[in-house]
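The values are calculated or read from the model by the stated rules, or taken from the named source; none is laboratory data. It should be emphasised that the depicted structure is a prediction, and the values quoted were computed from it without experimental measurement. For neighbour counting, all protein chains shown are included, and Cβ atoms are generated from backbone atoms with ideal geometry for every residue, glycine included. SASA here: full protein model, heavy atoms, side chains in, ligands and nucleic acids out. Shrake-Rupley method; radii C 1.70, N 1.55, O 1.52, S 1.80 Å.
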Amino acid sequence: MKIRFLYLCFVLITISCRNERKEVLLADREAPLGWIYLKIYDDKSFEFISKGMMRDNDVYTGNYELKNDTLYFRYKDSIPKAGSKAIIQNGYVNYINGDYSESVQIKLNKLKGL
């Protein structure tokens with residue numbers, strides 16, 4: 001009986017640990033009346049967040065791929081006006097194919113391959 005209980009505890013702990021994702025890149029910048037955040041996780045997912053005092057939070061999620069110094073974002077739903085392609089250089093993530101130029105300063109970078 002004790003062995004079954006311990007085995008069940010082990011399985012539950014293993015399952016709960018698998019769901020934790022770790023941030024490997026954090027970047028942000030101050031925007032008019034708010035902030036822009038980019039959070040990239042070790043499971044190849046990301047969040048692009050636009051927060052403001054006078055508006056709701058816009059959260060864009062999806063998966064990314066890193067090739068050399070370029071990030072390719074695949075969004076789940078809609079694509080923000082910043083775009084879906086960015087270059088990492090000089091401590092910034094610079095979006096290059098959007099309706100406007102977006103740049104967020106890197107605060108944490110543990111991405112492998114850079």
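For Arg18, indicate whether it is modelled with pLDDT under 95, within 21 Å of Asp77 (Cβ to Cβ) and charged (D, E, K, R). Judged against the criteria, Arg18 is not a match. Residues in the range 68-107 that are open to solvent by 30 Å² or more (accessible area, probe 1.4 Å) and in contact (Cβ under 8 Å) with a residue 60 or more places away in the chain: Tyr92, Ser103, Gln105, Ile106, Lys107. Residues in the range 49-67 that are in contact (Cβ under 8 Å) with a residue 12 or more places away in the chain and within 20 Å of Leu26 (Cβ to Cβ): 13 in all. Of the strands (runs of 3 or more DSSP E) lying entirely inside the range 68-114, those containing at least 1 residues that are basic (Lys, Arg) and either more than 13 Å from the chain's Cα centre (by Cα) or farther than 17 Å from Asp28 by Cβ (or both) are 70-75, 85-89.
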